[in-house]
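Reading through the structure tokens given below for one structure.
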């Protein structure tokens, strides 16, 4: 099932691991890459020493291509410098002005993937020098900048960017989804929620149980719910007691919300997680996990069991192949 994306990024399968902060471990990134997909590491959440050590850990676990994801809303020159110094040759940039990051990355020989939520954004990204576009639909979990569904967005972006490979994101959790976006002209699928159930993911047991029990109707898209630490960043999560409390109060802004200031959980270093904070419920978090922001896309209803990441990649690719053959 080789595509232009596979050839450009030297991978076997058109499957990309979405970068998921604190739950996307080096083991998960490496496992997806070793299985023939492209693992992306969400390392923008770390300081310099941790970022460097995570890159080295991934490289110890795989000799296959992998990339690092950086958040342009928190653009940090040191993070890019470390990635390039460590020989990272695939960079994923999202959310905000890329500044000079694209030019610097390409000058160092790296390939750049830029996430876009409209065809116009994708066109601009290609003009900046993007080697591939992640077209992120509204169905996606985590932080979602756009308001257009994957089905409508992907062909619009494909038509806008010509020969540049497009990676479809949002609501894709199995081989049927991969086959569908390939039919729309995409060159790969960007998958997050399905990999939250991978054995290598650092997902809190309560978060995992909620994911496995969820249906396609159990997520909500919010403009400004979990906005402590990251304001003005719309997102999709599982519905929970925090979202229900906030909606019952009329969706008030920060400073007027019920339960504001509640300390819900603690990180291993003693750091506190408060209600309405943008925080991933990773395995080491302890406290009232149900009330924390549980990122999830609408494809969550297709997440039914815990599996090794390699098995997830294999199932997705085999199912997509079977679907495509059946249509012939």
Check your understanding: For segment 235-286, what are the residues that are assigned to a loop (DSSP other than H, G, I, E, B) and closer than 16 Å to residue 21 by Cα?
Key -> 267, 268, 278, 279, 280, 281, 283, 284, 285
Check your understanding: From 162, 137, which residue is assigned by TED's automatic domain parsing to the domain that holds residue 102, closer than 22 Å to residue 98 by Cα, without any contact (Cβ under 8 Å) to a residue 40 or more places away in the chain and crowded, with 24+ Cβ neighbours inside 10 Å?
Key -> 137
Revision key, fill the gap. By residue number, the members of segment 125-141 that are assigned to a strand (DSSP E or B) and in contact with a helix residue (DSSP H, G or I) (Cβ under 7 Å, 6 or more places away or on another chain) are 132, 133, 135
**Study point:** Residue check for residue 265: closer than 15 Å to residue 225 by Cβ and not assigned by TED's automatic domain parsing to the domain that holds residue 174
**Key:** no
Point to revise | Per-region count, segment 217-232, residues at pLDDT below 95 and assigned to a loop (DSSP other than H, G, I, E, B) | key: 7
Practice item. Restrict the check to segment 60-67 and report whether at least one residue is at pLDDT 95 or above and under 21 Å from residue 143 (Cα atoms). Key: yes
Practice item. Among the residues of segment 104-124, count how many are assigned to a helix (DSSP H, G or I) and either in contact (Cβ under 8 Å) with a residue 60 or more places away in the chain or touching a helix residue (DSSP H, G or I) at 6+ places or on another chain (Cβ under 8 Å) (or both). Key: 6
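For (1) under 21 Å from the mean Cα position of the chain (by Cα); (2) buried (at least 21 other Cβ atoms within 10 Å of the Cβ); (3) farther than 20 Å from residue 16 by Cβ, each residue gets a yes or a no:
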| position | (1), (2), (3) |
| --- | --- |
| 92 | yes, yes, no |
| 97 | yes, no, yes |
| 102 | yes, no, no |
| 106 | no, no, no |
| 113 | yes, yes, no |
| 130 | yes, yes, no |
Practice item. With the checklist (1) at pLDDT below 95; (2) over 21 Å from residue 73 (Cα atoms); (3) more than 24 Å from the chain's Cα centre (by Cα) in hand, flag the one item residue 247 doesn't pass. Key: (1)
Practice item. Scan segment 96-123 for residues that are more than 20 Å from residue 189 (Cβ to Cβ) and touching a strand residue (DSSP E or B) at 6+ places or on another chain (Cβ under 8 Å) and report the count. Key: 7
Review point. If you go through segment 287-311, how many residues are outside any helix (DSSP H, G or I) and in contact (Cβ under 8 Å) with a residue 40 or more places away in the chain?
Key: 12
Check your understanding: Does residue 173 fit the bill of being buried (at least 20 other Cβ atoms within 10 Å of the Cβ), within 27 Å of residue 35 (Cβ to Cβ) and in contact with a strand residue (DSSP E or B) (Cβ under 7 Å, 6 or more places away or on another chain)?
Key -> yes
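The values are calculated or read from the model by the stated rules, or taken from the named source; none is laboratory data. Model, not experiment: these values are computed from the prediction. Note that each Cβ is placed from the backbone with ideal geometry, even for glycine, and that neighbours are counted across all protein chains shown.
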